[in-house]
1. Can you tell me which residue in segment C:133-156 is farthest from the other protein chains (Cβ to nearest Cβ), limited to those that are under 30 Å from residue A:206 (Cα atoms) and in a strand (DSSP E or B)?
2. Looking at segment A:153-180, which of the residues that are within 17 Å of residue A:115 (Cβ to Cβ) and under 31 Å from the mean Cα position of the chain (by Cα) is surrounded by the most Cβ atoms within 10 Å (Cβ to Cβ)?
3. Looking at (1) buried (at least 24 other Cβ atoms within 10 Å of the Cβ); (2) more than 17 Å from residue D:105 (Cβ to Cβ); (3) touching a residue at least 40 places away in the same chain (Cβ under 8 Å), which is the one condition that is false for residue D:162?
4. Can you find even one residue in segment B:112-128 that is under 19 Å from residue D:114 (Cβ atoms) and either surrounded by 21 or more Cβ atoms within 10 Å (Cβ to Cβ) or more than 14 Å from chain C (Cβ to nearest Cβ) (or both)?
5. In segment A:3-31, how many are in contact (Cβ under 8 Å) with a residue 40 or more places away in the chain and part of a helix (DSSP H, G or I)?
6. Look at residue B:100 and say whether it is buried (at least 17 other Cβ atoms within 10 Å of the Cβ), in the same structural domain as residue B:33 (by TED's automatic domain parsing) and not in a helix (DSSP H, G or I).
7. Within segment D:37-50, does at least one residue satisfy the condition of being touching a residue at least 24 places away in the same chain (Cβ under 8 Å) and under 18 Å from the mean Cα position of the chain (by Cα)?
8. Scan segment A:282-304 for residues that are free of Cβ contacts under 8 Å to residues at least 60 places away in the same chain and closer than 16 Å to residue A:232 by Cα and report the count.
């Protein structure tokens, strides 16, 4: 789960990483109530998850209260932003990059640092990889002095600067561990004229498998691009919305992704990706309800090849869903696996044709969406 | 450094291991001031480092205040005890043994547990080793659920008993780590009728190499058998006193121990073991001062074969010591190693014979002590 | 030969008394797997499908030999259960748990590597040598997928495994050993770590890998081929070629960051290394034919 | 052949700029050791005895190859320095530090074992193959001790090493490689872990071990002999035979607890395994004669 900047910075604060003074505001009224506490200029930042907020006009330095209120109102009312962060502007002498993530092959945490922060680090990694200092850390052994020396000397820091930097690094690593982070990043990490550091921005992605021990973070509408995606997430069913007209209702991430590819190869376009495999395989009714929410869909394509997700159970769920929603758009099925003969019979009883080859089913769905068959 | 029971129990308390209510008293007056807070019977325990206090009459359950004061006075005045612990008596249903120590070969912590506590565990280990449950723990990975299950099920504990036991075990392991323990032990660990556990006794030996990060523990006269041993310890020079008449003043633990053996083989007896190798090799004056404190010594035997501990430096130190103390007993030297020719000359200038074979020197010292030569 | 498990392996089952554990223990036995005992703390003395249950592995090993562990243990307890198996000297472990915390995956993998153990999973259907032995939740009864043969299959995906393996069988081949490494972003054993076993296996003629976007496991396979460590014919199918960048499609592993882990990068690497990469599952069979004739 | 270090090894020195570090770096070079660079954080750009100093091992390795590390680092920083070397891929390390905290000794040893490294020490004088190379603080200039030859020497004690090795030389032999494992209660490398190197070394005809009371290292040597893993002649001298039980005489390792680690137990084990155990240092030379003629 990706946190908003204000949540990431609250996590930083808890772990002792210096952050600028800030206030979260959810309405123009809250902005005008809080703005008096800030000396000008200050910074206003839309709390959205997309990257490149600066270029997108979602972050701005404001010179006075009037500017602040005006810009905040624009964000809330015109840009659809739900939360903004008012923050002290930092007077900085330099910008660095610092992050901790994981290296699956080495089975270690990986610290990434760069003396040139505030930039697109992926671009820098591609064009000037030698500027990025990397350090792997074994989780059981933890962050040690030599790791910090490798990074600080690698960045050309020494003396008081190195000491202050190591405190931030140490705190960031602790935060990485404490918050079960997939990625924790400070970009830019401001170096002030007094050789101290302040986190200019904050990114924290918590591992989804660890959310049960990271209470207090709720998914919100802002985490998703569409209402249905948000509702599907609340229902615990992976769902992504696209602009096409074929609604996928498949079981298993790998298979669904492959059907997504096959649709595109066949010249079709996907209306939504929905995956009801694993523990969700009994939830065909919930799955179809979500698929039917997408008004662009011209056909529902169901592809499964189940192991534990028995074909007969899925087919029965489909029958329930059809009985309940009586969908007006055609359904193409390719439901196979354990007990598939029984499944085929249930599908025939629904008046549908039980296909058993994925590519045939894909072609049929594409043809239907294109109006070539019905 | 071996802690006193009261110190070990204070460490237990800090880590959440249940211990009986207790008060430390350093005089009969302090006992009478505190005894009123205890319900009778209670326990009085001499705070000395020797094992087998029960058999030695240094621990007693007292039935009333009068008994308590009388016994405390005996300990202070007749047994030379400096501190006693007044402690609530525990009403127990069972006694267990639990300890954490290190396994040098496996490079792990080792937990030892036994359902039969309150006994001499070394004897039990020798006679009924199958009764002792062993569990190794990697320090970097820490104590984990399966370690605790192996121990609790191995001891036949389950349900609430196992839960309560695991809390003690977990706390004891934390204390082992926190206090850089060489050994931490609860024997007996009382099991009460309410399925809770209380530490009846406490042993904690802190690694000598870790004392600098374990502040608050001072060596005391009680840590040593003799005044000179205590003074030597304060001076940082390893020194042990024995009943013989040959005073060893050697450099290097291995060599000193070997000279100790050679003296015994040759029919002699050691007055003291003193080792002034390593960083102490320049301290011949301090070393000789300690040797001369032992009035039983009839001869001082100096054996060194130095690497960093240069022979000439040691010989010069010896010359300083002789000049300062003008010892009345003979000195036998076998000082070799780096710059030994120079050392031999210094020794000759002192009017001594520079021997260069350890066994010859040992024989000479034994002969002198026996009055066969002078 | 089976590269991971055959009938000579003595398998202990952690979490054998649960619903899933007992159900699949029976299936594992039915396929020929030699299950020697089960472990569920607090349930010693019970029996499941004829096998005795112990509180701990240590207690089970007092009465039985075992060299392999199968876990039906919830994700939150998986690290502890695997450490229990490793501490007991078990060096082959399969966990199907879906949802093991990321940092614990790193710790498990690190511990396994440092003692030379192979832990397969999590988030996998398991490992099977059809007709010989099975560990996990694999529907060996689906004959058009789990047919014995001479093709090794390594897969990151459960659902796609059936889809692609059915194409292998349709082309007239069968499976020597199928290894599901799982869909987590940190697979405890990686494709390239399994390759040497296939290379050494006289009963494996070629290998099919079923990959997906994200991670670098497919690139590591290409490296093993380039270095000459793996020389048998190899066909890959990699899902997610048209997946929109930055969208997370199902598996934790299947997310693209930067230029790494794109399907294009994987296809290029494998192709240059001499493998064939199928765009569609139906191409896998013909490609095997092409390489093997 | 040298079993640990010879002139082909490229040695980096951690803590090279300190008084002890620079003094012994020069001696190591004088004896022929190939010292390639030194490491002292904050002192990059300096030179010590002609070798360049770097902030970190990583920076040194950008300019030089190295496969071996010698530490002149205080005990409190030794774990970090060793982990730095291990992380940099160094697999042969010697530390002379006296006073490494006990729990850190366990952690260092555990880390070294899990990556197949050999870390020798702490609280040792070091390792020497006389006439070839030296790591540590060994007085190779004392000719009646450090004479080249064909006897391997392993020792727990610095002071006793000179005493006993002088007897080896007096008997007409010399030293192939002397390994000081150190006097800590947790030696980072144990006698039995060095034995296979002596066994394989064509230039070592026999081994002398210099042990003492406490610990189980001598018993492990006996086990290696019993199992046939070590078959060359072996003579041991073990100090502390008459030491009073429970008294700690110097070395942390030299304390007797229970029935384990007594000199009697060690002597019995080694004798049964076919070794000879000297009561006095002067018996070591004659015993070597006895076994080798």
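The values are calculated or read from the model by the stated rules, or taken from the named source; none is laboratory data. Model, not experiment: these values are computed from the prediction. Every residue, glycine as well, gets a Cβ built from its backbone with ideal geometry; the counts of neighbours run over all protein chains shown.
1. From segment C:133-156, those under 30 Å from residue A:206 (Cα atoms) are C:136-137, C:154-156; that's our starting set.
From the residues that got through so far, the ones that are in a strand (DSSP E or B) too are C:136, C:154-155.
Working: C:136: 9, C:154: 13, C:155: 8 Å.
Within segment C:133-156, the match that is farthest from the other protein chains (Cβ to nearest Cβ) is C:154.
2. Step one: list which residues in segment A:153-180 are within 17 Å of residue A:115 (Cβ to Cβ), which gives A:153-166, A:168-169, A:172.
Cutting the leftovers down to under 31 Å from the mean Cα position of the chain (by Cα) gives us A:155, A:165-166, A:168-169, A:172.
Numbers: A:155: 20, A:165: 24, A:166: 18, A:168: 22, A:169: 25, A:172: 27.
Among them, the one singled out is A:172.
3. The number of the failed condition is (3).
4. Just the residues of segment B:112-128 that are under 19 Å from residue D:114 (Cβ atoms), to begin with: none.
No: zero hits.
5. Of segment A:3-31, the ones in contact (Cβ under 8 Å) with a residue 40 or more places away in the chain are A:3-9, A:11-12, A:14-28, A:31.
Of the ones still in play, those that are also part of a helix (DSSP H, G or I) are A:5-9, A:11-12, A:14-15, A:28, A:31.
So the count comes out to 11.
6. Numbers: buried (at least 17 other Cβ atoms within 10 Å of the Cβ): yes; in the same structural domain as residue B:33 (by TED's automatic domain parsing): no; not in a helix (DSSP H, G or I): yes.
It is false that residue B:100 is buried (at least 17 other Cβ atoms within 10 Å of the Cβ), in the same structural domain as residue B:33 (by TED's automatic domain parsing) and not in a helix (DSSP H, G or I).
7. Taking segment D:37-50 first, the residues touching a residue at least 24 places away in the same chain (Cβ under 8 Å) are D:37-40, D:43, D:46, D:48-49.
Okay, now just the ones that are also under 18 Å from the mean Cα position of the chain (by Cα), so none.
No, the conditions are met nowhere in segment D:37-50.
8. Number of matching residues: 11.
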